[in-house]
Amino acid sequence: MNAERFQRLWGRNVRPESSAWSAEDVYAYLDKQYRHPCRSYHDSGHVDQCLGWFDRYSDTVDDADAVELAIWFHDACYSPNPQGHEERSAKLFSVMAADGMDSERKQRIIDMIGYTTHTREPGSAEEALLVDIDLASFCRPWHQYLIDTAKCKAEKEQVPDLDFYQGQIRFLEGLLKRNSFYFSPPFREHHEQDARANITRILALLESRLKKSSTSSAEAPLRRPERHGSGL
């Protein structure tokens, strides 16, 4: 993550004479969050990858800075228990921006961060580009996509394999049921087929691993009760 880049972005969008946090303080906080030991995938590297995709297609939207601000914040509050982290991340942005920008635009960015739950269809070009960038890992070359998948699993070590595989399968099957995997024109045109091919391939792998995990659990021998005392 590049401090100077973020500070320029914050400076362009947040009024210095307001009660908003300073660019330096916001970056320091975000940098600490994204470097937390619990993160394997949702870390500073993920932000950098997102920014790389953003730089590639930023000229396809009117409010590029809003998309970039949402990228910097969308996983800021990710934790080992990630449920609801998008909402927490949006609240963090709201607190840090305070009264430093127009309330309507601020709310637009808050709403954009919420779309990275990937549970509803985006309504604007900026929202569409953001959610596609967040899912850009799916269209990377197969070996890179596999590495990203392994990193995501590493963040959920506390989740049993069966539960992880079942959850991933449900999520991926839901994505494939969309009329289009991606929502923004550049991702639809250039990356749709690669993403669908990777998902189809990973689903077959997950189904295989789920079957093996289920079989192993079912065939695990029962432990023989320990005898106590001097019994026969």
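Pick out, from Pro37, Ala76, Ile110, the residue whose Cα sits farthest towards the positive end of the charge dipole of the stretch 1-119, with +1 on the Cβ of Lys and Arg and -1 on the Cβ of Asp and Glu.
Pro37
Under a point spin-label approximation (7 Å from Cα along Cα-to-Cβ), what is the Asn81-Val95 distance to one decimal in nm?
Rounded to a tenth, the inter-label distance reads 1.8 nm.
Give me the angle, in degrees from 0 to 90, between the Cα long axis of helix 161-176 and the longest principal axis of the Cα atoms of the chain, rounded to the nearest 10.
Between the helix axis and the principal axis of the chain, the angle is about 50 degrees.
Sorting Leu9, Leu129, Leu176 on the 10 Å Cβ count, fewest up front, what's the list?
Ascending number of Cβ neighbours within 10 Å: Leu176, Leu9, Leu129.
Measure nothing but the geometry: give the 0 to 90° angle between the long axis through the Cα atoms of 85-97 and the longest principal axis through the Cα atoms of the chain, rounded to 10°.
The answer is roughly 20 degrees.
Can you return the lysines within cross-link range of Lys211? Criterion is Cα-Cα under 24 Å, with same-chain partners fewer than 8 residues away left out.
Those lysines meeting the cut-off are Lys151, Lys153, Lys156, Lys177.
Which order do Leu175, Leu135 fall in if you start with the one that has the fewest other Cβ atoms within 10 Å?
Leu175, Leu135
Let me have the relative contact order for the stretch 135-216, percent, based on Cα pairs under 8 Å that are six or more residues apart.
44 percent
Under 18 Å from a label point 7 Å along Cα→Cβ of Gln193: give me every residue in the stretch 131-145 with its amide N that close.
Hits in the stretch 131-145 for Gln193 at 18 Å: 138-142.
Which of Trp21, Trp142 has the fewest other C-beta atoms within 10 Å, and how do the rest follow up to the most?
Result, fewest neighbours first: Trp142, Trp21.
Once the other residues with Cβ under 15 Å from the Cβ of Ala204 are scored (Lys, Arg +1; Asp, Glu -1), what is the net sum?
Within the 15 Å Cβ shell, the charges total +3.
Under 16 Å Cα to Cα from Lys106, which lysines show up? Leave out anything in the same chain fewer than 8 places away.
In chain and number order, the partners are Lys91.
Please compute the contact order of the chain in relative form: average sequence separation of alpha-carbon pairs under 8 Å and at least six residues apart, divided by the residue count, as a percent. Provide the component values of the computation, followed by the final result.
Numbers: 227 pairs, mean separation 43.4, N = 232.
Relative contact order comes out at 19 percent.
FYI, it's all coordinate maths here, none of it is from the lab. Just so you know, these numbers come straight off a predicted model, no measurement behind them. Ideal geometry is used to build each Cβ from the backbone, glycine not excepted, and the neighbour counts take in all protein chains shown.
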